[in-house]
Number of protein chains: 2
Amino acid sequence: MQDKGILIVLSGFSGAGKGTLVKELLNQYQDEYALSVSMTTRAPRVGEQDGIHYFFTDRAHFEETAANGGLIEYAEYCGNYYGTPKAYVEEQLAAGRNVLLEIEIQGALQIKKLFPESLLLFVTPPTAVELERRLKNRGTETEEVIAKRLARAKEESEGMKAYDYIVINDDLAKCVEELHGIVQAARREPIRTKAFIEEIQKELKAFSKGE
Amino acid sequence: MQDKGILIVLSGFSGAGKGTLVKELLNQYQDEYALSVSMTTRAPRVGEQDGIHYFFTDRAHFEETAANGGLIEYAEYCGNYYGTPKAYVEEQLAAGRNVLLEIEIQGALQIKKLFPESLLLFVTPPTAVELERRLKNRGTETEEVIAKRLARAKEESEGMKAYDYIVINDDLAKCVEELHGIVQAARREPIRTKAFIEEIQKELKAFSKGE
């Protein structure tokens, strides 16, 4: 049975390993997952490619796209727009691929409201101490930036219960398996099994009418 | 990490294969699952053993057990009591084993209210036609009994959306795997990850206070 894909929203602490997790998932299950590419008005950074890292555009075009319903969510950060183009997501879902979206809680909740059958996953290291260790081990951040990230993680942790599943990223390989398992299981929740339930209810009704 | 077990309530159409599914699960994952044995006041049938198929008892003792809070749910069918003894369930859950309970929707919803972290699974064949075929293939039931079972299935199907997951039993071996996968995923829902979430929130708060 060729099911429609699931729109998967990934949030989580900076340092939780979302990026690596997404990369592994796309590597190991090429036919089953696709990554949503955001549209943004911010300037490309060195090495960033249009259509791969972002779709780069100007404010006028972004606003027009949003006004025409071409984005499933968008937000403005630090004077730049970021949004999720609808067409690509819908194409991939229709082709049976699960679409991965890395996004923060406000956007995640916005998407859940519009698409109740979307799947909200929160990625976290096993402990806060481990989160701190990972941030420090990057070796690229100042003490101040690390403190800011941890303060932000504290705020984000308040929203964890709004997610459908908590993905604990301890061992990467195990976590990829677990995440994939969660997606399989999520297909069997009634919210994503509606068509099946309605079909079997209809068939059983027909039986009892002696049809 | 030694997690507490999950109380798993299995419902589903007569003919969906719940019994076989439970047997396979207990066979393949002996250390992870335990089967709850019901207490009943009905007389043992030929071959039924006390403590294995049921705990057989009289009405006075059953009512006393219920009055003392010794049952997590009970109901009366056709003049006999059926109930789930609490002590065994709690022992198994504490030992980290998932406890399987085969029970109908009223009992299932009763349990969900009392134990919000319990897991309600609805087992169904892939189609109503397949359900009818399985009931007929047993070869032990009259046309009338089959019609009754299908009428009853129609009623039961109205409650499917109240379950946490719909387990589609097409191929037995695959279904056992899927069911086990659902149980693993369910451990990551916020309702069953409360202790973890609260711990990480506490740790992150302590960090931001500079502790």
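A few comments on the model shown:
- Other-copy label distances relative to B:Leu114, 7 angstrom Cα-Cβ extension, nm: 4.4
- Partners of A:Lys23 within straight-line reach, counting lysines whose Cα lies under 21 Å from its Cα and excluding those fewer than 8 residues away in the same chain: A:Lys174.
- Sorted largest first, the principal axis extents computed over the alpha-carbon atoms of region A:8-131 equal 43, 33, 30 Å.
- Distance from the Cα centroid of region B:84-158 to that of region A:192-211 is 18 Å (rounded to whole angstrom).
- Packing-based exposure ordering (other Cβ within 10 Å, fewest first) of B:Leu25, A:Leu35: A:Leu35, B:Leu25
- Partner chain coverage, peptide A:147-155 - average Cβ within 10 angstrom: 3
- Label distances, nm, A:Gly69 versus same residue in remaining copies, Cβ-directed 7 Å point: 5.5
- Förster radius 56 Å - calculated FRET efficiency between B:Glu104 and A:Lys174, Cβ distance, rounded to 0.05: 0.90
- Cross-link partners of A:Lys86 among lysines (Cα-Cα below 18 Å; sequence separation of 8 or more within a chain): A:Lys4, A:Lys112, A:Lys113
- Largest-first ellipsoid semi-axes for chain B, taking √(5λ) over the Cα gyration tensor eigenvalues, angstrom: 33, 23, 16
- Taking 7 Å steps out from each Cα toward its Cβ at A:Ala60 and B:Glu63 produces label points 8.5 nm apart.
- Quotient of C-alpha Rg and 2.2 N^0.38 Å, computed over region A:94-170: 1.29
- Charged-residue dipole, Cβ positions (Lys, Arg, Asp, Glu), region B:81-187 about Cα centre, Debye nearest 20: 120 debye
- Straight-distance crosslink candidates among lysines, where the alpha carbon sits under 22 Å from B:Lys154 and sequence neighbours closer than 8 are dropped: A:Lys194, A:Lys202, A:Lys205, A:Lys209, B:Lys18, B:Lys136
- Site pair B:His53 and B:Glu90 shows an inter-label distance of 3.0 nm when each label is modelled 7 Å from Cα along Cα→Cβ.
- B:Val145-A:Arg152 FRET efficiency (beta carbon distance; Förster radius 51 Å; 0.05 resolution): 0.25
- Nonlocal amide H pairs with B:Asn169, under 5 Å, H built at 1.01 Å: B:Thr124
- Anisotropy class of region A:149-211 from Cα gyration tensor, a/c 1.5 cut: oblate
- Modelled this way, with points 7 Å down the Cα-to-C-beta line, the labels at B:Val46 and A:Gln184 are 4.3 nm from one another.
- Axis-nearest residue of B (beta carbon) for the B-onto-A rotation, whole Å: B:Ala185, 2
- Across the identical copies, how the A:Arg42 labels are spaced - nm, sorted shortest first, 7 Å along Cα→Cβ: 6.6
- Residue-averaged [θ]222 nm for chain B, counting only DSSP H segments that reach four residues, each worth -39500 (n - 2.57): -13500 deg cm²/dmol
- Space enclosed by the convex hull of the alpha-carbon atoms of region B:1-59, per residue, Å³: 137 Å³
No value in this document is a laboratory result; all are computed from the given coordinates. Not measured: the values here are computed from a predicted model. For neighbour counting, all protein chains shown are included, and Cβ atoms are generated from backbone atoms with ideal geometry for every residue, glycine included.
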